[in-house]
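Asker: Let me begin by handing over the structure; questions about it come next.
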Number of protein chains: 2
Amino acid sequence: MNLLLLSNSSSDAGYLAHALPDIRELIASLPPGAPAVFVPYAGVTRNWDDYTALVASALADTGLNIQGLHRAEDPVATLESAAIIIVGGGNTFNLLGQLRRQGLLDVVARCARGGAAYLGWSAGSNLACPSICTTNDMPITDPEGFDALGLLSFQINPHYTNAHPPGHRGETRAQRLAEFCTLNPAMPVLGLPEGSGLRVRGAEVALIGPHDAPLFVGQEAPRTFRPGLLEIPA
Amino acid sequence: MNLLLLSNSSSDAGYLAHALPDIRELIASLPPGAPAVFVPYAGVTRNWDDYTALVASALADTGLNIQGLHRAEDPVATLESAAIIIVGGGNTFNLLGQLRRQGLLDVVARCARGGAAYLGWSAGSNLACPSICTTNDMPITDPEGFDALGLLSFQINPHYTNAHPPGHRGETRAQRLAEFCTLNPAMPVLGLPEGSGLRVRGAEVALIGPHDAPLFVGQEAPRTFRPGLLEIPA
């Protein structure tokens, strides 16, 4: 597998700008003008054409030829012929529900396992996990099952932070993840801070970006990983 | 109906202490020692016996005789004989999933509609809504459907705030609710700030506590309600 899973898309540098060096490395072996499909279904308040245009513009210098999956006449064939599948952020429940109802969830998983590159951020990174059970998003629609692509063997929590607005009496992020780990003691969760990502090559997983990342497993104290190769397989 | 739906349980005053005057008013017509059942199923990292003891201790001066639903030999009969059903906070997905799998969701709804008082906070307030689609909780388990008790005709977003940790690139609360309102344009959502609650008597709904609360409907600019009777029916 050949995956790049980012926590976030936007930064002070501009849309996807902080990730451009890693995206170039992800697609280094692809020919110029390689067919790329963008999956905009996490967008809810965003029009899918506008979202596709935003991503195509942000990646214009990469030479990829980006088409929105929502405009494909034959979505299965479009996914099967794509050299890279790009899955944007937004609402993870909407993304998963759309792909499941359109019968495309298994197609995306098969293509990514079969060699297509996969670039995801936020909801697109959640989608690559065994389930969407560690998303931060609001459950605005029922995806009819929480199982997802399962490209990774563990869960990601994107936008990881344990910061908390003052006066807030709801759960902290650490409390939410502790609840997940209580119900799912064998499933690790990597907290991916803003600006961080995972680079997956075959079974190797590397943490990229400037920050450390905590790994939560069951009731154990979290382990902190530094950027570089992780000791957990994809 | 006779409901008290709180945003939160804890405050600087202690567990449920800020809500005690409203809880006393809710149960004013019940006889001393009236049977009360506590539903602890939103608790995940919390032991259900401990959670029941915590609530019983916080409400000791009210004279209610509180039993945990998880200890009931006949949960249906226990609910049907309860003068008040108390549903605590924690994880809304776990709460809904437990009640659905045990076949108790419809029983709770029937009892609350039939005259039992209902006290909920956080996840317990989400449960009273048509669905749990406006919870802030992490989807750590699939509740096999997002529909909930439907005691209210609109949604609550508990712990409402639009504050945001610095540097966070994930969605704000207002963005998340805008996503819900885009997919569900006819369903109002009331943002319930910390310290606030809703008091429902029959079809009348009053906002209680010191804060104003915003109501979101579709793409309209949010209306702000002051404490007091609301113009929306239960």
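The values are calculated or read from the model by the stated rules, or taken from the named source; none is laboratory data. No experiment lies behind these values; they were computed from the predicted model shown. Virtual Cβ from ideal backbone geometry, glycine too; neighbours counted across all protein chains shown. Ligands, DNA and RNA are stripped out before the accessible areas are found, and what is left, the full protein with its side chains, is counted by its heavy atoms. Shrake-Rupley method; radii C 1.70, N 1.55, O 1.52, S 1.80 Å.
Asker: Does residue B:163 satisfy being at the interface with chain A (Cβ under 7 Å from one of its Cβ atoms), within 23 Å of residue A:178 (Cβ to Cβ) and small (Gly, Ala, Ser)?
Answerer: For residue B:163, the condition - at the interface with chain A (Cβ under 7 Å from one of its Cβ atoms), within 23 Å of residue A:178 (Cβ to Cβ) and small (Gly, Ala, Ser) - is met.
Asker: On the given criteria, is residue A:158 more than 13 Å from the chain's Cα centre (by Cα) and either under 23 Å from residue B:46 (Cα atoms) or within 10 Å of chain B (Cβ to nearest Cβ) (or both)?
Answerer: In short, no.
Asker: Now, a different point. Quickly run through region B:5-30 and pick out the residues that are more than 16 Å from the chain's Cα centre (by Cα) and of a type in the set (Ser, Thr, Tyr).
Answerer: Passing the criteria: B:11, B:29.
Asker: If you don't mind, another one. Tell me, which residue of region A:178-211 that is of a type in the set (Gly, Ala, Ser) and open to solvent by 30 Å² or more (accessible area, probe 1.4 Å) is nearest to the other protein chains (Cβ to nearest Cβ)? I'd like the intermediate steps shown before the answer.
Answerer: The initial filter retains those residues of region A:178-211 that are of a type in the set (Gly, Ala, Ser), namely A:178, A:186, A:191, A:195-197, A:202-203, A:206, A:209.
Remaining after also requiring open to solvent by 30 Å² or more (accessible area, probe 1.4 Å): A:178, A:186, A:202-203, A:209.
On the way: A:178: 5, A:186: 14, A:202: 29, A:203: 27, A:209: 13 Å.
The selected residue is A:178.
Asker: Within region B:119-134, which residues are within 22 Å of residue B:55 (Cα to Cα) and either of a type outside the set (Ser, Thr, Tyr) or out of contact with any strand residue (DSSP E or B) (no Cβ under 6 Å at 6 or more places or on another chain) (or both)? Give the derivation first.
Answerer: Here is the first cut: in region B:119-134, the residues within 22 Å of residue B:55 (Cα to Cα) are B:119-128.
Of everything in region B:119-134, those that are within 22 Å of residue B:55 (Cα to Cα) and either of a type outside the set (Ser, Thr, Tyr) or out of contact with any strand residue (DSSP E or B) (no Cβ under 6 Å at 6 or more places or on another chain) (or both) turn out to be B:119, B:120, B:121, B:123, B:124, B:126, B:127, B:128.
Asker: Residue check, residue B:137 against (1) surrounded by fewer than 24 Cβ atoms within 10 Å (Cβ to Cβ); (2) among the acidic types (Asp, Glu); (3) under 16 Å from the mean Cα position of the chain (by Cα), all met but one. Which one?
Answerer: Among (1) surrounded by fewer than 24 Cβ atoms within 10 Å (Cβ to Cβ); (2) among the acidic types (Asp, Glu); (3) under 16 Å from the mean Cα position of the chain (by Cα), the lone unmet condition for residue B:137 is (1).
Asker: Yes or no: region A:85-101 includes at least one residue that is hydroxyl-bearing (Ser, Thr, Tyr), within 13 Å of chain B (Cβ to nearest Cβ), over 29 Å from residue A:204 (Cα atoms) and in contact with an Asp or Glu (Cβ under 9 Å, 6 or more places away or on another chain).
Answerer: No - not one qualifying residue is present in region A:85-101.
Asker: For residue A:144, state whether it is open to solvent by 10 Å² or more (accessible area, probe 1.4 Å), of a type in the set (Asp, Glu), within 13 Å of chain B (Cβ to nearest Cβ) and not in a helix (DSSP H, G or I).
Answerer: Details: open to solvent by 10 Å² or more (accessible area, probe 1.4 Å): yes; of a type in the set (Asp, Glu): yes; within 13 Å of chain B (Cβ to nearest Cβ): yes; not in a helix (DSSP H, G or I): yes.
When the stated conditions are applied, residue A:144 passes them.
Asker: One residue is enough: does region B:154-177 have a residue meeting the conditions aliphatic (A, V, I, L, M) and within 30 Å of residue B:24 (Cα to Cα)? Give the steps one after another, and end with the answer.
Answerer: Keep residues of region B:154-177 that are aliphatic (A, V, I, L, M), which gives B:156, B:163, B:174, B:177.
So of that shortlist, the ones also within 30 Å of residue B:24 (Cα to Cα) come out as B:156.
Yes.
Asker: Right, next: Among all residue pairs at least 6 apart or on different chains, which show Cβ distances below 7 Å where the first residue, located in region B:222-234, is of a type in the set (S, T, N, Q) and the second is in a loop (DSSP other than H, G, I, E, B)?
Answerer: These pairs meet every condition: B:224/B:212.
Asker: Something else about it: So how many residues does region A:1-30 have that are in a loop (DSSP other than H, G, I, E, B) and over 19 Å from residue A:227 (Cβ atoms)?
Answerer: Of the residues in region A:1-30, 11 are in a loop (DSSP other than H, G, I, E, B) and over 19 Å from residue A:227 (Cβ atoms).
Asker: Follow-up question, since we're still on this one. Which condition from (1) modelled with pLDDT of 95 or more; (2) outside any helix (DSSP H, G or I) is the one that residue A:33 breaks?
Answerer: Among (1) modelled with pLDDT of 95 or more; (2) outside any helix (DSSP H, G or I), residue A:33 violates only (1).
Asker: Would you tally the residues in region A:14-72 being among the aromatic types (Phe, Trp, Tyr) and in contact with a strand residue (DSSP E or B) (Cβ under 7 Å, 6 or more places away or on another chain)?
Answerer: Counting residues in region A:14-72 that are among the aromatic types (Phe, Trp, Tyr) and in contact with a strand residue (DSSP E or B) (Cβ under 7 Å, 6 or more places away or on another chain) gives 2.
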